[in-house]
Amino acid sequence: MVVIRGATTVARDDKEEIRKAVAELLEQIMNRNSLNRDQILSIVFSSTSDIHSYYPAKAAREAGYAGCSLFSAMEPEIDGGLALCIRVMLFVEKNMTPYHVYLRGAKVLRKDLTSVYNIAIDGPAGSGKSTVAKRIAKDYHILYLDTGAMYRACAVKVLEAGVSPDDEGEIINLMRDVSIDVEYENGRQKTLLDGRDVSEEIRLPQISMAASTVSKHPSVRSHLVEKQREIASKMSCVLDGRDIGTVVLPDADFKFFLTASPEVRARRRYNELVAYGHAVDFEELKEEIVRRDAQDSTRAFAPLRRADDAICVDTSDMTIDEVVAFVKSKIQEKV
Ligand code: DC
């Protein structure tokens, strides 16, 4: 006998939704494991406590799985757990290696079993995208790729070489043999410039504007975009930046665009920099953020822009927890 696991989610607590989701899940389990219905001994379902409208076991019976014993139970309510989720265990009379099936929002439960998926989060500085992206990556056990850090590392290279961030000709030369890489240590991104860890340095306030300026040049963008695509093609990740949904991964599975008023964004950046021990002037910072937005939004190549199919979230009056909960609910709704 083997036991096959599976899970799926429903968009709403609704009888028809539950019937559809259960039928789809069982059908996929049957197909992927080449099973006949008479090989199933028993099917056990559990569902999260936000599902009240229908018993998954009843939905299974109606979908034609009537020849085996069926059972449904309710799971305990766990903080941060996946919402509107139905899990299943099939006991099967067959000698085989089981193929477990995770569908829709439940894909995030077993990233080892499902194919690579990407979440794009774009937006201007201080819109909350990196904090939200880090939280989502942690909750879904996927990688967080901070693409801004790569442009910042490039700015460090340019400034160290004594080149003006505006001097595209010189920058093209520098890009020929620069190496900008990311590594992960305890889930945290380390940004490497020619093998040197520059993760701290790239956060210096003077690097922000230089990064925005170097990021205008197509030679810089093509170099870094290629690297970002390579990482995203190999593993599921949440990427934050300015052009992820529009240029880097136009086919990303999930796209979000975060915004907030300049005042709120400057306040967030100010608090962040002060917490890191940098002396900054709030008004100057606000002015720099507005200038940087203007430069990032008006450049010719891959400007900061919401992708047509990205979900826009104004985070001005939202807490991080609220934004994270909203983003997750949209992901679950879509899958
Ligand atoms: O997200 P950040 O503040 O670390 O980004 C620094 C600069 O890098 C930003 O002003 C514009 C540029 N950038 C970009 O052009 N494209 C990205 N995907 C990420 C950042």
Practice task
Check whether at least one residue in the stretch 154-177 is near the ligand (Cβ under 10 Å from one of its atoms) and modelled with pLDDT of 95 or more, and report yes or no.
Solution key: yes
Practice task
For residues that are open to solvent by 80 Å² or more (accessible area, probe 1.4 Å) and aromatic (Phe, Trp, Tyr), scanning just the stretch 271-306, find the one that is nearest to the ligand (Cβ to nearest atom).
Solution key: Phe301
Handout entry: Filtered residues of the stretch 93-105 (kept if assigned to a loop (DSSP other than H, G, I, E, B) and of a type outside the set (Val, Ile, Thr))
Key = Glu93, Lys94, Asn95, Met96, Pro98, Tyr99, His100, Leu103
Handout entry: the stretch 200-223, residues that are touching a strand residue (DSSP E or B) at 6+ places or on another chain (Cβ under 9 Å) and either under 25 Å from Glu287 (Cα atoms) or near the ligand (Cβ under 8 Å from one of its atoms) (or both)
Key = Glu201, Ile202
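Among the residues of the stretch 56-104, write down those that are among the β-branched types (Val, Ile, Thr) and more than 18 Å from Arg12 (Cα to Cα). Spell out the reasoning first.
Here is the first cut: in the stretch 56-104, the residues among the β-branched types (Val, Ile, Thr) are 78, 86, 88, 92, 97, 101.
Across the stretch 56-104, the qualifying residues are Ile78, Val88, Val92, Thr97, Val101.
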Fill in the blank from the handout: Those residues of the stretch 215-259 which are open to solvent by less than 10 Å² (accessible area, probe 1.4 Å) and charged (D, E, K, R) amount to Asp240, Asp243
Practice task
Give the residues of the stretch 18-45 that are assigned to a strand (DSSP E or B) and either open to solvent by 20 Å² or more (accessible area, probe 1.4 Å) or among the charged types (D, E, K, R) (or both), sorted by residue number.
Solution key: Leu41, Ser42, Val44
Handout entry: Residue satisfying condition, being free of Cβ contacts under 8 Å to residues at least 40 places away in the same chain and open to solvent by 40 Å² or more (accessible area, probe 1.4 Å), within set Glu322, Glu333
Key = Glu322
Fill in the blank from the handout: Among helices (runs of 4 or more DSSP H) entirely inside the stretch 106-213, those with 1 or more residues being among the small types (Gly, Ala, Ser), over 19 Å from Ser233 (Cβ atoms) and free of Cβ contacts under 8 Å to residues at least 60 places away in the same chain are 147-160, 168-176
Practice task
Check the stretch 228-236 and report whether any residue there is among the charged types (D, E, K, R) and touching a helix residue (DSSP H, G or I) at 6+ places or on another chain (Cβ under 9 Å).
Solution key: yes
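The values are calculated or read from the model by the stated rules, or taken from the named source; none is laboratory data. Remember, it's a predicted structure, so these values are computed and weren't measured experimentally. Glycine gets a Cβ as well: all are built from the backbone with ideal geometry, and neighbour counts include every protein chain shown. Just the protein is used for accessible areas: all its heavy atoms, side chains included, with ligands, DNA and RNA removed. Shrake-Rupley method; radii C 1.70, N 1.55, O 1.52, S 1.80 Å.
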